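The values are calculated or read from the model by the stated rules, or taken from the named source; none is laboratory data. These numbers were taken from a predicted model, which means no experiment stands behind them. Here Cβ is always computed from backbone atoms with ideal geometry, including for glycine, and neighbour counts include all displayed protein chains. Remember, those area values only see protein heavy atoms, side chains included, never the ligands or the DNA or RNA. Shrake-Rupley method; radii C 1.70, N 1.55, O 1.52, S 1.80 Å.
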Amino acid sequence: STSSAPEVASFYAYWSHFSTFKEFEWADLYNPGSAPNRQVRRKMEEENRKARRAARKEYNDTVRELVAFIRKRDKRVARAQAEET
């Protein structure tokens, strides 16, 4: 590739700290609209928030692991590190 070392470093810096904007509605465990009262609805919403947070964390970790895997094998990174030493 013809990318310069700063461009490659910038690319990996961005993706190594990736955080998604997705909402993860599909990770919801319950439908709060079907709750019989407010207390149950709030408990359902709390459980849904926990499930969304866990799904979001898993997704972000997966992307970051992929970036680390690719970076380790990227010849441009190895070349830049060799030039520094």
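Descriptive notes on the structure:
- Residue check for Gln39: of a type in the set (S, T, N, Q), open to solvent by 100 Å² or more (accessible area, probe 1.4 Å) and modelled with pLDDT of 95 or more: yes
- Selection within the stretch 39-85 - farther than 24 Å from Phe24 by Cβ and basic (Lys, Arg): Arg71, Lys72, Arg73, Lys75, Arg76, Arg79
- Looking only at residues in the stretch 1-56 that are of a type in the set (A, V, I, L, M, F, W, C) and more than 22 Å from the chain's Cα centre (by Cα), the one that is nearest to Glu84 (Cα to Cα) is Ala5.
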